[in-house]
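Asks: A single structure is presented below for examination.
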Amino acid sequence: MRAVDIIQKKRDGHELSSEEIAYLVKGYVNGDIPDYQMSAWAMAVYYKGMTPRETGDLTLEMAQSGDQIDLSPIKGIKVDKHSTGGVGDKTTIVLAPLVAAAGVPVAKMSGRGLGHTGGTIDKLESITGFSVELERDQFFSQVNEVGVAVIGQSGNITPADKKLYGLRDVTATVDSIPLIASSIMSKKIAAGADAIVLDVKTGSGAFMKTLDDSIALAQAMVDIGSHLGRHTVAVISDMDQPLGFGIGNALEVKEAIEILNGEGPKDLHEVCLILGSHMLVLGGKAKNEEEARVILKGHLEDGSALAKLRELVQAQHGDIGQIDHPETLPTAKRVIEVKSVQAGYISKIQAESIGIAAMLLGAGRETKDSVIDLAVGIKLLKKIGDVIEVGETLAVLHANMDNDAKIQEIENNVLQAYQISEEVVPVPPLIYAIVT
Ligand code: URA
């Protein structure tokens, strides 16, 4: 077999065999196939696409390229949840204890964030002492005993994806649906889940900006799941504005605690109930989403979901006092109100710009070596559809920096992220579709 023939076959729009895909992936990981051939192949895929069978084969090859986690020591059906990323997305911090309270074992491996704000692991590190590193055996026994563990990714998971993603990033081949779908799903398959709930974001702050692309990505991932025997459901949710009000690590943990206390922003509450309902159904703890919703609401109302968060934090050596007193989580020294210069109705909030503004305050990493400030970020006071008066506060910056010129620049960025209309603006839908 020769890489050049495989590239040509894809360039001409033909379907590759399983053996050809395996040859490419293995050859790329072991260094036999150079970057220039793999990038030519990625560009051919970008233009010609892949069939569901090819996408499934690529996913499996990448999943098998490194460590694969065998979750069988954990009892029950392990349901993983993955979000394609968005601004203010703290759903894992709500869902992990919430679905665990309902009896679905949560063995969650999460990442750190590069860009906008931290990842789940960074956010959880806002809790003093919270350890995200557990030995494999400890991880399994914690899930068996407590019902939930959340740790950072360790070991050598999907090296083929890591190498290929790095190449795609510099060859304009990231935004190819089969390549994105196989990249995401390879990590989920290697992490050992029995079933997967995907939260595919759509809109200005999402990877997929249009609903059609979001549905196509969701469908590709659901197809991979069924090809590889992992029941997968995808929820298409809105990212045309940030989720909830808080953006920034400790601010997001505080908001997750509010939801677990039965309070907090309505959009975040609803997205968590929808994703959680699918997790309960796939985990065999409810017959259908309606029943699951009632169960989850019960755990929010009776305090058992919050109690599960306390257990999780305690098991991972975090300070549970901060769960009961979120005001003791890291807090920024400066609070700056961003005031509207226009009156009307909020018609748009550029989620990506808000994410970048939070990053500039220090809530996210500009490079993988940047150190993030867990206390800082942005709290939105107004969302799409809300009424605003001149001089009223749109958002609040939580900052630790003394540089007033930089603060002013960030304030302007936030102001520009908001669009205000004279006409009444309806609240946009939160969930666009469910792909099964
Ligand atoms: N996230 C991933 O993990 N992979 C992609 O290709 C794109 C987004």
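The values are calculated or read from the model by the stated rules, or taken from the named source; none is laboratory data. Predicted, not measured: the structure shown is a model, and the values here were computed from it. As a convention, Cβ positions derive from the backbone with ideal geometry for all residues, glycine included, and neighbour counts pool all protein chains shown.
Asks: Please go through (1) away from the ligand (no atom under 11 Å from the Cβ); (2) aliphatic (A, V, I, L, M); (3) out of contact with any helix residue (DSSP H, G or I) (no Cβ under 6 Å at 6 or more places or on another chain) for Ala216 and return the number of the only condition it doesn't satisfy.
Replies: Going through (1) away from the ligand (no atom under 11 Å from the Cβ); (2) aliphatic (A, V, I, L, M); (3) out of contact with any helix residue (DSSP H, G or I) (no Cβ under 6 Å at 6 or more places or on another chain) one by one, Ala216 breaks only (3).
Asks: Would you call Leu251 hydrophobic (A, V, I, L, M, F, W, C), over 15 Å from the mean Cα position of the chain (by Cα) and within 23 Å of Ala395 (Cα to Cα)?
Replies: yes
Asks: List pairs: first residue in the stretch 381-392 and touching a residue at least 12 places away in the same chain (Cβ under 8 Å) and surrounded by 14 or more Cβ atoms within 10 Å (Cβ to Cβ), second residue in a loop (DSSP other than H, G, I, E, B) and among the acidic types (Asp, Glu) anywhere in the structure, Cβ distance under 9 angstrom, at least six positions apart or on different chains.
Replies: If the second residue must be in a loop (DSSP other than H, G, I, E, B) and among the acidic types (Asp, Glu), the pairs left are Leu381/Glu392; Lys382/Glu392; Ile384/Asp240.
Condition check ((1) more than 13 Å from the ligand (Cβ to nearest atom); (2) in contact with a Lys or Arg (Cβ under 6 Å, 6 or more places away or on another chain); (3) touching a residue at least 60 places away in the same chain (Cβ under 8 Å)) across all residues:
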site	(1), (2), (3)
Ala107	yes, yes, yes
Thr117	yes, no, yes
Leu134	yes, no, yes
Gln138	yes, no, no
Val148	yes, no, yes
Lys162	no, no, no
Gly166	no, no, no
Pro178	no, no, yes
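Asks: Let me ask something else. Filtering the stretch 30-44 down to residues that are under 25 Å from Ala216 (Cβ atoms) and either without any contact (Cβ under 8 Å) to a residue 60 or more places away in the chain or touching an Asp or Glu at 6+ places or on another chain (Cβ under 9 Å) (or both), which residue is surrounded by the most Cβ atoms within 10 Å (Cβ to Cβ)?
Replies: Trp41
Asks: Return the residue satisfying two criteria in turn: it lies in the stretch 52-73 and is surrounded by fewer than 20 Cβ atoms within 10 Å (Cβ to Cβ) and of a type in the set (Asp, Glu), and of such residues it is nearest to Gly155 (Cα to Cα).
Replies: The residue in question is Asp67.
Asks: Only one of these conditions is not met by Ala395: (1) over 23 Å from Gly119 (Cβ atoms); (2) not in a loop (DSSP other than H, G, I, E, B). Which number is it?
Replies: (1)
Asks: Quick one: what pairs do we get from the stretch 65-85, first residue in contact (Cβ under 8 Å) with a residue 12 or more places away in the chain, second among the aromatic types (Phe, Trp, Tyr) and more than 16 Å from the ligand (Cβ to nearest atom), C-beta under 9 Å, 6+ apart or different chains?
Replies: Leu71/Phe140; Pro73/Phe140; Ile74/Phe139; Ile74/Phe140
Asks: Now for a separate question. Please specify each residue of the stretch 316-345 satisfying the condition of being aliphatic (A, V, I, L, M) and surrounded by 14 or more Cβ atoms within 10 Å (Cβ to Cβ).
Replies: Answer for the stretch 316-345, where residues must be aliphatic (A, V, I, L, M) and surrounded by 14 or more Cβ atoms within 10 Å (Cβ to Cβ): Ile320, Ile323, Leu329, Ala332, Ile336, Val338.
Asks: Here is a list of conditions, (1) in contact with a helix residue (DSSP H, G or I) (Cβ under 7 Å, 6 or more places away or on another chain); (2) of a type outside the set (Lys, Arg); (3) within 27 Å of Cys272 (Cα to Cα), and Gln153 meets all of them except one; can you say which number that is?
Replies: It is condition (1) that Gln153 fails.
Asks: Looking at Gly49, Gly76, Gly27, can you tell me which residue is away from the ligand (no atom under 16 Å from the Cβ), surrounded by fewer than 22 Cβ atoms within 10 Å (Cβ to Cβ), at positive phi and of a type in the set (Gly, Ala, Ser)?
Replies: From the options Gly49, Gly76, Gly27, the qualifying one is Gly76.
Asks: Next question. Which count do you get for residues in the stretch 406-436 that are within 19 Å of Leu381 (Cα to Cα) and part of a helix (DSSP H, G or I)?
Replies: Selection size over the stretch 406-436: 10.
Asks: Given the structure, is Met38 at pLDDT 95 or above and closer than 23 Å to Ile157 by Cβ?
Replies: Yes: the conditions hold for Met38.
Asks: (1) modelled with pLDDT under 95; (2) closer than 24 Å to Val94 by Cα: which one isn't true of His231, the others all being true?
Replies: The single condition His231 does not satisfy is (1).
Asks: Please determine, by comparing only the residues of the stretch 190-212 that are of a type outside the set (Val, Ile, Thr) and touching a His at 6+ places or on another chain (Cβ under 6 Å), which one is farthest from the ligand (Cβ to nearest atom).
Replies: The residue in question is Ala195.
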